[in-house]
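Here's the structure we're looking at; comments come further down.
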Amino acid sequence: MRPDNGTAMEYPIYQVDAFTSQRFHGNPAAVVITDTWLPADVMLAVAAENNLAETAFIVRSGERFGIRWFTPTVEMDLCGHATLASAHVLFEHDYARGDRVDFTYVGGTLSVARDGGRLVLDFPSRPAARTNAEAELGAALGAMPIEAHAAKAQMAVYAAEKDIRALEPDMTAVKKLAGYGLIATAPGNDCDFVSRFFAPQSGVAEDPVTGSAHCTLIPYWSKRLGRTRLHARQLSARGGELWCEDLGERVKIGGYAASYLVGKITV
């Protein structure tokens, strides 16, 4: 890093495609590494400039790394794909030692461990409660679900994968819903379950692959299918694949990551 014009500084930035082994698939996230936290309005401005679903900011604190996540419009309290992308950067560029990295965030501690070629997130479980909002969610998604649930995000359950693929949501209606977004899910044809995630209220119309949504999806599908280990796909245009495990109060979410960009930003 170096000063520029007396006040500006340069910081390393990386862009990684998360929950995929192939570039141009999965969910792209930016990762910015700094020595101390930048002001929140500056981090939000950087995220808006990047114009990706999430930008993660990382600050080293002893053997752990502080992490914060921003969409182009708001700071988030949890983000899976940008955490996976951050761990990938820390491992690949020798910021972290060993096969595990611990992150501190507003909710406590998150860890990411290497498991062969995959990275596995250890995240809090966010089980949903059944609601009677089928009509409201159906109006927002353009098709009536068979069940409605709510946690940090709303969740609509459908009968089949084809129903999820066919959804054409009304983003104005979705934006008015409570929570930070709307999950749509159904049994998968070649996996245990599929999903899509819409979050215009958080500045992202459709998120390509959403780790935090799986904090709600995993306990639901684990209970419904009677198994703790699950294989999932997110059916966005870019697509993503996740290997999941229900641990009760925690969930594990595994996936691959592919590096795309290494550079510097001036702030």
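The values are calculated or read from the model by the stated rules, or taken from the named source; none is laboratory data. Please read all numbers here as calculations on a predicted model, not as lab measurements. We place every Cβ from the backbone using ideal geometry, glycine too, and count neighbours over all the protein chains shown.
Listed residues GLN154, GLN234; which is without any contact (Cβ under 8 Å) to a residue 60 or more places away in the chain, touching a Gly at 6+ places or on another chain (Cβ under 7 Å) and crowded, with 16+ Cβ neighbours inside 10 Å?
GLN154
With among the hydrophobic types (A, V, I, L, M, F, W, C), without any contact (Cβ under 8 Å) to a residue 60 or more places away in the chain and buried (at least 18 other Cβ atoms within 10 Å of the Cβ) as the only criterion, which of LEU182, LEU225 stands out?
Selected residue: LEU182, the only one of LEU182, LEU225 that is among the hydrophobic types (A, V, I, L, M, F, W, C), without any contact (Cβ under 8 Å) to a residue 60 or more places away in the chain and buried (at least 18 other Cβ atoms within 10 Å of the Cβ).
Which numbered condition in (1) assigned to a loop (DSSP other than H, G, I, E, B); (2) among the charged types (D, E, K, R); (3) in the same structural domain as GLY62 (by TED's automatic domain parsing) is the only one that ASP102 fails?
The single condition ASP102 does not satisfy is (1).
State whether the residues of segment 251-265 include one that is surrounded by fewer than 21 Cβ atoms within 10 Å (Cβ to Cβ) and either in contact with a helix residue (DSSP H, G or I) (Cβ under 8 Å, 6 or more places away or on another chain) or in a loop (DSSP other than H, G, I, E, B) (or both).
Yes, there is a match, as at least one residue in segment 251-265 is surrounded by fewer than 21 Cβ atoms within 10 Å (Cβ to Cβ) and either in contact with a helix residue (DSSP H, G or I) (Cβ under 8 Å, 6 or more places away or on another chain) or in a loop (DSSP other than H, G, I, E, B) (or both).
Check THR73, THR104, THR109, THR83 and return the single one that is more than 25 Å from GLN15 (Cβ to Cβ) and β-branched (Val, Ile, Thr).
Testing whether each residue is more than 25 Å from GLN15 (Cβ to Cβ) and β-branched (Val, Ile, Thr) leaves just THR109.
Of the residues THR7, THR20, which is among the hydroxyl-bearing types (Ser, Thr, Tyr), without any contact (Cβ under 8 Å) to a residue 60 or more places away in the chain and out of contact with any helix residue (DSSP H, G or I) (no Cβ under 7 Å at 6 or more places or on another chain)?
Result of the check over THR7, THR20: THR7.
Which one of GLY248, GLY179 is within 15 Å of ALA156 (Cβ to Cβ) and assigned to a loop (DSSP other than H, G, I, E, B)?
GLY179
Checking the conditions here, which among VAL46, VAL42 is assigned to a helix (DSSP H, G or I), farther than 30 Å from LEU242 by Cα and of a type outside the set (D, E, K, R)?
VAL42
Of all residues in segment 100-124, how many are touching a Ser or Thr at 6+ places or on another chain (Cβ under 8 Å), surrounded by fewer than 17 Cβ atoms within 10 Å (Cβ to Cβ) and not charged (D, E, K, R)?
2
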